[in-house]
Structures are given as structure tokens and as C-alpha cells.
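Notes for the one structure printed next.
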Amino acid sequence: MDRKNPLDSIVKSDSREALDEIRTSGPYRRVTKFLLHLGVETHGISPIPKEERVDRRLYQMFFVWFSANLNILDFSTGSAGPAFFNLGLHDSLVILLVVDVISCAIPAFFAVFGPKLGTRGMVQARFSWGYYAAAIPSILNVFSSQGFLILNCIIGGQALASVSDNLSVTAGIVIIGVLALIVTFFGYKVVHWYESVAWIPNAVAFIVMLGVGGKHLKSSTFPAHPNPTTATILSFATFVASSVISWCTITPDYGVYHDATASSLRIFVYAYLGFFFASFTGHVLGAVFAAAAPGVELWQSGFGNGSDLGGLISAVLSPTGGFGKFLVVLIALSTTSACAPTMYTFGLSFMSIAPIFARFPRYVFAIISEAILIPVAIVGATRFYATLVNILSVIGYWSTAFAAIILTEHVFFRRRDFLFYNVDEWNKPRRLPPGIAAVLAFAGSFGVIVPSMSQVWYSGPIAQAGTGDIGIDHTNSEQNWSFLDPCAMIQTGLIQNAHSDLVTDASYDFYGLRLATCSLDQRIKVWHLDESNGTWAVEDDWKAHDAPVSKLSWAHPEFGSVIASSSFDRTVKIWEQVSPLVQPDASQTNGSGVNSSQSSSSGPSNSRWAERTVLTDARGTVRAVEFAPQHFGLKLASIASDNQLRIYECLEQPSLTAWQLSEELDVLTLPSSTSPSLHSRNHTVAVATPTQTSATLDGASASLVAQALQQGLQQNVAGTSTSQPPSRPGLGNREADGGWCISWCKDRYWGEIIAAGSGISGVIKIIQLSPSRRPTSILTLDPTPVPAPQAPSSAPEGTLPVPSDAAADGAAAANVPPRFAITSVAWAPSCGRSYHLIATGGRDGHVRIWRVKPGEDLEREDDDEDGKWTASIVADFDQHKSAVTRVEWNITGTVLSSAGNDGRIRLWKATSGNVWRPAGSIGVEQAEETEPTENKDVDMDA
Ligand SMILES: Nc1ccnc(=O)[nH]1
């Protein structure tokens, strides 16, 4: 039907050759013939003869690369400057300009090889790598193309999902993947046609975005940034360069039917302009909007924790209503324009690996790619930026080395003359170079690269010396990949044998290689994972407090090896691990004048944890302690049974001895707008996710802890420091029923936000701390106002906590419906979501998951921060049938675990459509001994 298209006959004639190639594999013959009728390109990897390289539409060289790059992948690459590398807008733009001008030349130069040689990129590689070794870049290219496909599908899927509440990211990924498959399936001709139009909707959408969002793009919108380090600049620059240079393994494939007689310069210029205009535009827009997002509340909420590009674009376009949504859909679908050539090349590279693969028709590989792509993208979507940066940088390493080798071959050995390539011999091992030089050069390049690498999984000596990654900055973000399942530890019996009394808390360090446990026995133990055999051994064990220890928290490793512990002795203590060599003095010199003599008094002689400070402000037992996410600096929150949430800041970081109580607020009475004023504080801005503690073990029954607490109280009232007797009569009794818990919002974009539950109020307050204003309660999570379990309980903003206070103050007041204390709250890591998830566990035996959404009111002014946060319960489980003592998320916020007095740890997972379901449970045998007691104090029918 498209007879007039010159490519048509070309593709068909080539397909005859393709048929030759696959004649031996009978099963495909009939399918192939049929597909040929449909116009599917079935040609494989054999070079296109010069007679057939006649398509004069060189402008397609512009459009293919313009479309392939004018999409959200480039937008996200640019946005990584502010959002991931924490660069200011100005720095980001300068880096983008310099890098794009230079790096676009490389894939553009490779585009010339297509028409000139008629070889696919990985076949051309044989002219420098030799017949066999060319399999190396072919294999690498298979993985790289697949990597890009995954990224593109994630971004496209997220963008689609951001338009509609009914469409999950997973469904979005599938849609994009299938579209890419369809375009690719038909091959060269269809890909070229598609790319010649695909840029149009993108260009329109980006222009509208500028038009709609432009008014926010004044200089005051952009927050100030610290001067970047050289390491960060290098890292961002190489990150961007990687994203451009990596096209060089793909570009030759798109010219093999184009005019072999055209001027090289013309081909180059077309391709270069296509690359540059699209990449630079996409990069700059990404950087501009990402940099502006923190200053525009609506955008920021769309951006989530800075990794939901689709959400950001939706937010920017949202003032245009339905039209905006339509544009977002177009932008999302346009990722197909990057996917199509990439998937096409995936197949060709696969076929170039070995002759056996070349016998299959190309479309088979498109299907294979699709089958791998979708599941991996779905998993990868939960940690978008880490996935992006890791995939891109590793691809950047090898494709840059590859480009250097091919260009060296071309310039020095083939003297820039295409006639020096004897393309007819593409398939004759003996007639091709041995490839030793290329392999050695490639290996040699890794001799430089590897020591300079700074990746999640490896950091070489050069990078460690402070250059940052030659590709990527060593951001600690998302590093806590080694999430270890605490259930396994129960099975090993570790926890039961750990202490002489009930274990109250267990917390992994940042790397998951050490575990700190604490107990009613007043001791802290630090366990070390022997990675060779997977066993845990006690590394340190010391008496830490004069009463049961309630909670532990590890500081981010940036601040050293530091643990905070809270105790029923009304103190919080900060411990630092010191090297055994300096231990004798270091552990005892304690500059803050606190009483350090007790710290290691009865500890084992090998204790290497020095007590750095004792915080004695609490007027009740301290029930929880948690270090703030690392980007807020070395800060600590604690909550005590006096209902005070206290925030401490370390004033002297290396010594850890001076801590300032920067905030002290009563969680029960905290109003939504007034409160003691704040000191202004410096934000330590850094890129990372917070320390995550991730254990779920809580064999301790609430009642036992409560009893211990009473003892602790009695002891301490008599024995320790500044404590006062309980300030209100009856408090002691009520402590047994109360719950005190805190959890920081892991996401730095919202500023410092903490969820806190206190006493028997039965609610969680979301409290915003800000350097410039008073802390306010921006939302109350209250499960009781609506009886139906699934009913959304979006507590209105500014709800005074009166009802709950009434419950608290009225103690056993008979006419108030009983409220059950919340014992544990956990703010999920917000990996790529535009909303927050908060889990709570309570004495009522319920595990609840709250979906908390920051305000969406379009009319609101940007600086009106105490916006309408809303919450709804997305899951409510009562399977524990007894008090829940602990809830904890996994690293991606996709699995919740809860521990209850039924002696079981239960897992909960989100299934498709975001429905949370039970995902198994495991029993803690010894807990059964205590169960009868517990059941007494958990009256489920009350
Ligand atoms: N930089 C890229 C190379 C290949 N494919 C892409 O989608 N992106």
C-alpha cells in the first residue's frame, strides 16, 4: 500500500536476504513470509549493500535523534542536577551546556558510519575488535539497551500513572513497553516514520509547560545551594555525558539504508543538531523545573521525594486541566520514541553476538526484550533515581571506552577513509583484525575506570580520594540495599538468646552489616554479620542504662559509628564506637561534663563504645529515639512519657558531646499554628536517604515493658539525675496503657517532618518543624472518628487534638469511648511515590497503613505551607488479635512487617491496584510463654 515509499522496496529486497539467513531455521519461514506481507522488516545483521543505501531523506537523521531525545528521559537526566546531585540551577545549566555541546558530537559521528558502511554498529565493531571479540561490545550493548529500555518504561509508566488515580505505575510500564514493541516490531521503516512525527507532541507539551510554569520560574523560586564540590560537578557531568554518548552504539543502525554518497559532514550535522537541540532542551527543562520544585508547593508534591518526574510534569501542567492531562499522556507515550531505536538495536546486537543468534529473525529479539523489560521495570520503578544513576553510569563507562576504540580505529588505522573497511568480509574471522589491541585497550581503560568508580556496590581508591565518581558522585542515597529480613534472625534464635531479658528493640546499621539490640536487661549489644557464613556474632555488649533500654537508633555513617539509646531511666545517651587502640582514654574523656563514669562501669572490658553524652531533659521514661534523616544534619528526636517530643542538635560534631535541645513540644496539646518559636537552624543539605533501621523484632510484650518501666521509674526517681516525679497523678498507672512513638519523614523535600504518637491519645500527629517558624501539627491520623475500618479518616487540618486529649486527660472517664494507644509508627521510605505511607500499630491489635497526601489546593500561595495534608487509611489489619508492638517498612516501602503479642511477625504487601494484603507470618516460639499474660491486658472487645 505504500508503494511510493522508496524504503518499501528496499526493505523488501533486503528481506529476501533475511530469508536466506533464516532458511535453515524452518519454523520461522512461514511466519516471516507472513510478516513480510505486513511490511515487517525481517532483515538481520548482514551489511546493506551500497546499491541499496539510497534513501536521500537525510533530514531523517535529524528527526530520529531529535525525537529520540526530546522526551522525559532527557528531562529526568537534567533534573538529576538539582534533584539528585544537589546542584544549584546555575551550576547545572553551565554543566549541561558544556557537556551537551561536546558529547553530542560522538553519537552524531557514529551516525555517519551507517550510510557509509551499511553495517550495524556491532557488526562495524568487528573491524576493530575482530570477529570473536566483537561479541564483548555486542553483549554489553544488549545489556545497555535493555537498561535504557527499562528506564524509559519506568519514566513513561510513572508519567501515565500520574494522570489517573486508577492507573498504577505497573500498568503504565506495561503500556509503554507494549507500544515500544509494536513500533520496533515493524522495523527500520516504521521506526523512521514514527520518529519523524514523535517529537511534535513532546515539543508542544514542553512549550506549554514553559508557558504554564513560567511564572514560577523567577529567581526567588530557586533555593540557594552551597557551592558544589569538584566531585559533584564531575559526577553530574559524566552522568549527563553518559546519557548522550551511550547512543553511539545505536546511531549507526539508523543510517544503513541512507544515501551512501552523501557528504559525511551533512550526515554529521543533521545528527548533531538533532541530538543537541533535543538533549539540551530536555536537560535544561528538567533542571529548571526540578530546581524550582522545592519552591512551588504544588510541584513539589507532584515530584514526591524528587523522583517522580511524571508527577512533577503533571503538577506543572495541572492548571491547564484536562488539556494538561492530555499533554502528560502524550509526553508519557513519547518515551516510546527513545525505546523504539533502543529495542531495535537490542535485537541487532543480540544477533551480532554469535552466528546462532543471527539465525533468528530480528523481531524475536524484540519480544525477548519485552519479556525481560516489563518485570524488571516494575521492580526498578520503586527506586527511580538510584536505578537511573546506576544503570546510566555503568553504561557510560563502557560505551565511552568503546567509542574511543572505534574512533581510534577509524582515525588512525583506517585513516578516516571508509574504503579501508572491507565490508564484504564482515563475516570472515580470518580476514578481520585479531582484535587484541581493542580488547587490551578496553581492558586498559577499565584499569583507569575501576579505581575511579564510585558506585553503590564498589568504590575505587581514586574515587575514595575525593574525586567523586568519574561517572557518578558517591551519594549514599538508597544505599541500604542490604535489607536483611529480621524473620531470618528469629529463626536462627538470635534474638531469644541475645539478652538475659526481653529484647525491646533491634536495629540494623546503615549497611545492614551490624545489628544493635537492647533489652530490659539494661544492656546494648552490637552484633556483627560475618558475611562469609552469614552468622551474627556479638561484637560489643555493655550495660548502657540504669533501667530498661527502650529504643536504639543508628546515626548515618557520615557522622561516624554512633548509636543513640533511650531508656526508662529518663535519659537518652549517645554512644560512639571508638577504635580499640585509643579506647582507654577516648571512652572516658567526655567533654560535656556529663556523668560518664557509669558508662562502661560494668561493661565487658572489650567495650569499644564510648558514652558521649547523656540527655537528661525528659521528665518521664524515654520511649523512643530516632536520628533525623542525614540531610538535616546530626539531629535526634526523642519522645518520653511526659508526652514531650524533643529535638536535639549536635553542636560539636566530631566530639559529639555538646547537644542543644532545640525543640521541646507537648505532642498532646500541640496546636496547629502556635507553639514555642524555633531557633533558626542550618540545613545540612546532602543527597541521601536517611539511615534506616529495619528490624521488626519485638518479643517484649507491652505489659512487661510497662511493668519494667514502673520499676525503672521507681528506681530512677530515687536514683538518677534531674528526674522529677511524674507530674500528674495517675500517670504511672496510665503508662502501662500508653504508647510513645516517633518516626521521621524520610523525604527531605517536605522539610523536617515527624510523626509522633503519645500516651493513650490513640492518634498520630504529623508535626512540621521549620527553621523559620513554630512547629505545627499539620495533620492528625485518627483511626476512630469513623467506625468503618476502610473509611477514610482524613483528619481535617487544624483539628485540635481535643478529643484525644480529653481521652488522655479524662483517664478512665467512663463516657469517652476507649482509645487504644499507638505503640509504633513507621514512615515509609518514599521511593518514587507522590504520596506518603505511614504505618501504625496499636494496642487495639490493628496494623494500619495511612496514605498521606500533601496539599493539592491550587489556589494556595506557595509559601502557605501548613497546607491541607490529608490522610486516608488504605489498609487496616487486625490479624494479630492482640496488641501490636512494632511496625517497620522494608527499604523500598513496599513491604510492611508488624510484630504483635500473638508472638508473630506478619508481613503485608501491596498487590496490584495498591491493595494491601497479608503476605505471610512467622511465629516467635518463646513469645508463647508470655502470651497468657499479654492477653490479659489486651482486651480486644473493650
Ligand atoms: N541514552 C540513551 C541511549 C540509548 N537509549 C536510550 O533510551 N537512551
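The values are calculated or read from the model by the stated rules, or taken from the named source; none is laboratory data. Bear in mind the structure is a predicted one, so any value in this text is a computation, not a measurement. Here Cβ is always computed from backbone atoms with ideal geometry, including for glycine, and neighbour counts include all displayed protein chains. Surface areas here come from the heavy atoms of the whole protein model, side chains and all, with no ligands, DNA or RNA. Shrake-Rupley method; radii C 1.70, N 1.55, O 1.52, S 1.80 Å.
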Q: Counting only heavy atoms of the protein chains, get the accessible area per residue of the stretch 63-465 (1.4 Å probe) and round it to a whole Å² value.
A: 33
Q. For residue 634, which sequence-distant residues (separation of 5 or more, or a different chain) have an amide H within less than 5 Å of its own amide H, given hydrogens modelled in the peptide plane?
A. 650
Q. Charges only on Cβ, +1 for Lys and Arg, -1 for Asp and Glu: so what's the dipole of the stretch 63-465 about the Cα centre, in debye to the nearest 20?
A. 760
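Please give the peptides 350-363, 246-259 ranked by average Cβ packing (other Cβ atoms within 10 Å per residue), highest first, as a rough proxy for protection.
246-259, 350-363
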Q. Amide H of residue 44: which non-local residues (sequence gap of 5 or more, or other chain) have their own amide H closer than 5 Å, using H built in the peptide plane?
A. 18
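Going by average Cβ density within 10 Å per residue, which order do the peptides 231-237, 899-905 take, highest to lowest?
Highest to lowest by the protection proxy: 899-905, 231-237.
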Q: Using packing as a proxy for protection, rank 838-849, 200-211 so that the peptide with the highest average count of other Cβ atoms within 10 Å comes first.
A: 838-849, 200-211
Q: Using a/c under 1.5 as the rounded threshold, could you call the stretch 63-465 rounded, prolate or oblate? The axes a ≥ b ≥ c are square roots of the C-alpha gyration tensor eigenvalues, and prolate needs a/b larger than b/c, oblate otherwise.
A: prolate
Q. Lysine pairs, Cα distance under 26 Å, 8 or more residues apart or cross-chain: how many in the stretch 63-465?
A. 4
(Q) Which one, 434, 149, 366, is farthest towards the positive end of the dipole of the stretch 63-465 when Lys and Arg carry +1 and Asp and Glu -1 on their Cβ? (A) 434
(Q) Apply the Karplus curve 6.51 cos²θ - 1.76 cosθ + 1.60, θ = phi - 60°, to the phi angles in the stretch 245-251 and return the couplings in whole Hz, x for Gly and Pro. (A) 4, 4, 6, 5, 7, 10, 4
Q.
For residue 623, what residues show an amide H to amide H distance below 5 Å, using hydrogens built from the backbone and excluding near sequence neighbours?
A. 639, 640, 641
Q) Within straight cross-link reach of residue 765, meaning Cα distance under 18 Å, which lysines are found once same-chain residues fewer than 8 apart are removed? A) 746, 853, 868
